[in-house]
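Structure first, then comments.
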Number of protein chains: 2
Amino acid sequence: MTKGIEQRLKSKNINPTAMRLLVLDFLMQQNAAISLTDLEKGMGPSDRITLYRTLKTFEEKGLVHHIDDGTGTTKYALCMEECDGDHHQDLHVHFYCNTCKETFCLPNTKIPQISLPEKFRSEEMNLVIKGICDRCNPD
Amino acid sequence: MTKGIEQRLKSKNINPTAMRLLVLDFLMQQNAAISLTDLEKGMGPSDRITLYRTLKTFEEKGLVHHIDDGTGTTKYALCMEECDGDHHQDLHVHFYCNTCKETFCLPNTKIPQISLPEKFRSEEMNLVIKGICDRCNPD
DNA sequence: CTAACTTTGCAATAGCATTGCATCGTATTT
DNA sequence: AAATACGATGCAATGCTATTGCAAAGTTAG
């Protein structure tokens, strides 16, 4: 069971410690992006700072990416497989639901090409759409 | 001189106090979005909280909009004329320069239409592009 | 002139992000 | 197997931004 998780850590060059296995396992169970506080509450008693650093390590190694959804608290979510640490494939759109207050990745919704004014050069893009998510939409 | 500024406040239903005239005047001199701390430093000795509330009032009345550029600190910039407080016309793109660390509005660069997955409904969008701005681009 | 309301300033708080340092565990070397 | 080196963890402490409560000052209306 934990084999797959361990493999996933190793494939990203992350030492598979007990803590990290637990955190990754927890992350894989989420269908929304979570904050550090969510993680802290969701996992048994554990140190907030360690969790913080665990997420940071995961991010450096390309296992998770962080999302600034405009709420003021950073959210984290697992990356697609293609991420390699240096260049996150975070060109997908993020969605914040005004009703349930959850933040989701929309991995299949890409940010379209945008033509910038003269001499501006794009390196990263971050698009957050706010609205009603599929679960909260009564239609 | 201050006539125009005063008019601009009145047209948005904001009482033109001395403080507010100064803040608006300062904002009009900026070509980049500024943080509360920038405003505090840029203006003479003044109370941070008052400035904070001034910006908040301006925002409620549709005179400025805030930008979450991903740096963690909120930036503020003047709105286009069309804003009416309820619905900000903030469908333009914001640009954060990785070199000079400034945040700009790109009022003529609109966010393109994005087709969301089934049952997702969009209400607001926030697109921040990071890269090199025209001034910092050596080309 | 007084009362009502708005604006301002000070104090205080809360929450998140972040770093320093000590401890502990594991892996490596001898 | 013992000593050592390195990475991971946990605790303490700090900084910064955003935000609210309350009292003082200023402004407007009656």
Of the residues in the stretch A:117-139, those that are free of Cβ contacts under 8 Å to residues at least 12 places away in the same chain, surrounded by fewer than 17 Cβ atoms within 10 Å (Cβ to Cβ) and assigned to a loop (DSSP other than H, G, I, E, B) come to A:Pro117, A:Glu118, A:Lys119, A:Asp134, A:Asn137, A:Pro138, A:Asp139
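Please determine, by comparing only the residues of the stretch B:29-49 that are exposed (fewer than 12 other Cβ atoms within 10 Å of the Cβ) and free of Cβ contacts under 8 Å to residues at least 60 places away in the same chain, which one is farthest from DNA strand D (Cβ to nearest atom). Reasoning before the result, please.
Taking the stretch B:29-49 first, the residues exposed (fewer than 12 other Cβ atoms within 10 Å of the Cβ) are B:29, B:31, B:37, B:41, B:44-45, B:47-49.
Still in the running and free of Cβ contacts under 8 Å to residues at least 60 places away in the same chain: B:29, B:37, B:41, B:44-45, B:47-49.
Numbers: B:Gln29: 20, B:Thr37: 5, B:Lys41: 10, B:Gly44: 17, B:Pro45: 16, B:Asp47: 9, B:Arg48: 7, B:Ile49: 4 Å.
In this case the residue turns out to be B:Gln29.
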Residue hits (the stretch A:1-60; more than 14 Å from DNA strand C (Cβ to nearest atom), of a type in the set (Lys, Arg) and closer than 30 Å to A:Asp134 by Cβ) are A:Arg8
Out of A:Gly85, A:Gly72, A:Gly62, report the one residue that is closer than 16 Å to A:Ile34 by Cβ and at pLDDT below 95. A:Gly72
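The values are calculated or read from the model by the stated rules, or taken from the named source; none is laboratory data. Since this is a predicted model, take the numbers as computed values, not measurements. Here Cβ is always computed from backbone atoms with ideal geometry, including for glycine, and neighbour counts include all displayed protein chains.
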